[in-house]
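First comes the structure, then the notes that go with it.
The values are calculated or read from the model by the stated rules, or taken from the named source; none is laboratory data. The model shown is predicted, which means the values in this text are computed figures rather than measured ones. Cβ sites come from the backbone with ideal geometry, for glycine too, and all protein chains shown count toward neighbours.
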Amino acid sequence: MSEHAPVILDVAGLALGDDDRRRLAHPLVGGMILFGRNWESREQLTNLCAEIKSIREDLLVCVDHEGGRVQRFRSDGFTHLPPMRRFGDLWFKDAKGREGSGAMRAMAAATAAGYVLGAELRACGVDFSFTPVLDLDYGESSVIGDRSFHRDPRVVTLLARSLMQGLLQAGVANCGKHFPGHGFVKADSHLEVPVDTRGLKAILEEDAIPYEWLGATLTSVMPAHVIYPKVDSLPAGFSPKWLNEILREKLHFQGAIFSDDLSMEGARKIEGHPVTFTEAAVAALSAGCDMVLLCNESVHSDGGKSIDEMLDGLSGAQSRGEWRFNEVSEQRRLALLPCGPSVSWDSLMTEPRYMRALQLLP
């Protein structure tokens, strides 16, 4: 394969404009991420996704759709999914005289949530959601909070695996985030660069262990914009040590690696130095990311000039040999596209599996 399309970008509105179409046709663009501002109704969303696919069928249409407070589509029939903490709470609510029954119900409910989430998205033409959160709930992080299943990595792993099973039943891949763990730090990487001062042994035995236990079940991973100075001075998403030595070599992860959003404050400096979006993208790709996200730049008054600057900059950096792609990265991107046929929304509403899954939600 001669091309690698690593950039995931966004658009400003409910339909594509000329600049959006031009950017989505760029050879370095491999997908698009949707936000609440891109939502008005199921019909509008379905038309938008169809328009995206008309530009290039293999563009990956993504969304942050986890449940709880991180759910972009909430009306016009979309199920309000619970935050992941609800499943962790259910785990410990055994029926009288039936030890472990809470865990069984929690896993069944998580599988149901994964199926509802994936099936509703696919019925509207969305390919992929950045879920589940694998961060542990230390009770400190406001940005993670109830997005986490639990503090215990064993509970997190089994509930995440259950959710992934439901996603897979709907033909949807998964994304474990935020490697190696964002739950221990208080700071929000959208606003600053969090620092986790623990050593590698503590992180691998707690926060990162779900990534090892989930093994081949994980189809993609998103690293944290967090610095772990006892391991590396670079944030995890820009760190060859974290992505190649630890995630790829030590934990044997074979799927795709996404950068977190390069417009977040946690990605605006590398080793204390401000970086452009192009420099951040080159650093992430060189460190081992297969794809990079640049979000919320299309809404600026300049019409998303910074997106064009990054695409031009990446093209130039590629021609100068500052970053290289290989066939494996593109294969990982393509592997995230949905498998199996999707059904229409009307058909989904009467599908027995879907109706049963709704009954199982907590």
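Quick one: is GLU265 modelled with pLDDT of 95 or more and surrounded by fewer than 22 Cβ atoms within 10 Å (Cβ to Cβ)?
It is false that GLU265 is modelled with pLDDT of 95 or more and surrounded by fewer than 22 Cβ atoms within 10 Å (Cβ to Cβ).
Which residue pairs have Cβ atoms closer than 6 Å, lie 6 or more positions apart in sequence or on different chains, and pair a first residue in segment 327-348 that is not assigned by TED's automatic domain parsing to the domain that holds GLU43 and assigned to a loop (DSSP other than H, G, I, E, B) with a second residue that is modelled with pLDDT of 95 or more and surrounded by fewer than 19 Cβ atoms within 10 Å (Cβ to Cβ)?
Sorted first by the residue in segment 327-348, then by its partner, the pairs are PRO338/GLY171; CYS339/GLY171; GLY340/GLY171.
Taking the stated definitions as given, is ALA187 in contact with a Phe, Trp or Tyr (Cβ under 8 Å, 6 or more places away or on another chain) and assigned by TED's automatic domain parsing to the domain that holds ILE257? Give the steps one after another, and end with the answer.
Details: in contact with a Phe, Trp or Tyr (Cβ under 8 Å, 6 or more places away or on another chain): no; assigned by TED's automatic domain parsing to the domain that holds ILE257: yes.
The answer is no for ALA187.
Could you give me the residue pairs with C-beta distances under 7 Å whose first residue belongs to segment 94-113 and is under 15 Å from LEU358 (Cβ atoms), whose second residue is among the polar types (S, T, N, Q) and not in a strand (DSSP E or B) wherever it lies, and which are 6+ apart or on separate chains?
ALA110/SER162; THR111/SER162; THR111/GLN165
To keep it simple, each residue is scored yes or no on (1) in a strand (DSSP E or B); (2) over 21 Å from the mean Cα position of the chain (by Cα).
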{"residue": "GLU40", "(1), (2)": "no, yes"}
{"residue": "GLU43", "(1), (2)": "no, yes"}
{"residue": "LEU48", "(1), (2)": "no, no"}
{"residue": "ILE52", "(1), (2)": "no, no"}
{"residue": "VAL61", "(1), (2)": "yes, no"}
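Quick one: in segment 251-301, of everything that is closer than 24 Å to GLU212 by Cα and assigned to a helix (DSSP H, G or I), which residue is farthest from the chain's Cα centre (by Cα)?
So the residue we want is SER286.
Provide a single number: the residues in segment 1-38 that are in a loop (DSSP other than H, G, I, E, B) and under 18 Å from the mean Cα position of the chain (by Cα). Steps first, please.
Residues of segment 1-38 that are in a loop (DSSP other than H, G, I, E, B), as a first pass: 1-6, 10-17, 25-28, 35.
Checking the rest, the ones that are also under 18 Å from the mean Cα position of the chain (by Cα) come to 5-6, 10-11, 35.
Final tally of qualifying residues: 5.
Among the residues that make up segment 167-185, is at least one of them among the aliphatic types (A, V, I, L, M), out of contact with any helix residue (DSSP H, G or I) (no Cβ under 6 Å at 6 or more places or on another chain) and at pLDDT 95 or above?
Yes.
Of the residues LEU117, LEU159, LEU121, which is assigned by TED's automatic domain parsing to the domain that holds GLU205 and more than 30 Å from LYS53 (Cα to Cα)? Show your work before the answer.
Values: LEU117 fails: more than 30 Å from LYS53 (Cα to Cα); LEU121 fails: more than 30 Å from LYS53 (Cα to Cα).
Step by step, each of LEU117, LEU159, LEU121 is checked, and only LEU159 is assigned by TED's automatic domain parsing to the domain that holds GLU205 and more than 30 Å from LYS53 (Cα to Cα).
Which residues, taken from segment 46-70, are within 25 Å of TYR354 (Cα to Cα) and either crowded, with 20+ Cβ neighbours inside 10 Å or of a type in the set (Lys, Arg) (or both)? Walk me through how you get there before you give the answer.
Keep residues of segment 46-70 that are within 25 Å of TYR354 (Cα to Cα), which gives 46-50, 60-70.
Answer for segment 46-70, where residues must be within 25 Å of TYR354 (Cα to Cα) and either crowded, with 20+ Cβ neighbours inside 10 Å or of a type in the set (Lys, Arg) (or both): LEU48, CYS49, LEU60, VAL61, CYS62, VAL63, HIS65, GLU66, GLY67, ARG69.
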